[in-house]
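Taking it in order: structure first as structure tokens, then the write-up.
The values are calculated or read from the model by the stated rules, or taken from the named source; none is laboratory data. These figures come from a predicted structure and were not determined experimentally. Note that we place each Cβ from the backbone using ideal geometry, even for glycine, and neighbour counts take in every protein chain shown.
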Amino acid sequence: MPDISIQVWWVFIAGLLALAVVLVGFIVALVISQRRVIRVERDHARKLLEAQEAERAWVAREVHDDALQRVFAVQAELDYLLADSATQARPADMRKLTALRAELGDLSEMLRRVAHRLHPSMIEHSGLLAGLRSLRSEVERTLGLEVTLHEPTAPPPLGLDQALAAYRIAQEALRNVARHSGSRSAELWVETDGGWTRMRIADQGRGFNPGAEGERAGIGLIAMQERAALAGGSFELASEPGHGTMVEVAFPPTEG
């Protein structure tokens, strides 16, 4: 009897060990599967963002190189017609032509803004800080939001993908301030430290509770998080009702 009891006991222990091995194997397989899903989702998100940027760049080039050039050609023809008809046309006709010339001027300026918003080529040629200065002017002009830009003494050491991601995040964050915060001003900091680049956008508006039930992340917030992650950076959001909102992204030093 004692031998049988020992055998039964060892069989029980062996069964438990086998079950534990199966459970560990299942957990490991589940973790690997989840990591694969996350990797596939991130690859898909990266390719989607790259495709969006490529499409934006194409549309921006078409607007700048085709539509805008055609407007300039019409403006030149109209300027010639105005000069040639200055002494012959009726005053009413001259007023109409002058008004049409002004409309074309407004249209060309609008097309320039659209092309820049679709694809800020200034970042490729002049860097992030120049792009953010242009963005500040655009936001103040179009959204009525006063933006205070705090710049580092030297250009941040960012690759093009990181600089473009930072620009898009600042663009979305400032748009959110103008639309949702109730504040008419915001501050934008760019800092560099030990090769790292940090950018913060803060306002003193109404704020919200990110963890509260019903406070779901919007598409813009998700896009900011994805852009930061795909460019190798981190993203943080801090907000509290009545105490404003702050968005912060950080990018590591570029390799090489």
Inset, instruction - Specify the residue that is farthest from Met199 (Cα to Cα); the eligible residues are those in the range 145-180 that are assigned to a helix (DSSP H, G or I) and of a type in the set (Asp, Glu). - result: Asp161
Inset, instruction - Just name the residue that is nearest to Leu174 (Cα to Cα) out of those in the range 227-256 that are within 13 Å of the chain's Cα centre (by Cα) and in a strand (DSSP E or B). - result: Val247
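Results for (1) surrounded by 15 or more Cβ atoms within 10 Å (Cβ to Cβ); (2) modelled with pLDDT of 85 or more; (3) among the charged types (D, E, K, R), shown as yes or no for each residue.
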{"position": "Thr153", "(1), (2), (3)": "no, yes, no"}
{"position": "Ile169", "(1), (2), (3)": "yes, yes, no"}
{"position": "Gly205", "(1), (2), (3)": "yes, yes, no"}
{"position": "Glu240", "(1), (2), (3)": "no, yes, yes"}
Inset, instruction - Determine the pairs where a residue that is part of a loop (DSSP other than H, G, I, E, B) and surrounded by 12 or more Cβ atoms within 10 Å (Cβ to Cβ), located within the range 91-119, has a partner that is charged (D, E, K, R) and at pLDDT below 75 with Cβ atoms under 9 Å apart, the partner being 6 or more residues away or on another chain. - result: His119/Glu53; His119/Arg56; His119/Arg61
Inset, instruction - Say whether the condition of being assigned to a helix (DSSP H, G or I), at pLDDT 75 or above, surrounded by 13 or more Cβ atoms within 10 Å (Cβ to Cβ) and among the β-branched types (Val, Ile, Thr) is met by at least one residue in the range 126-140. - result: yes
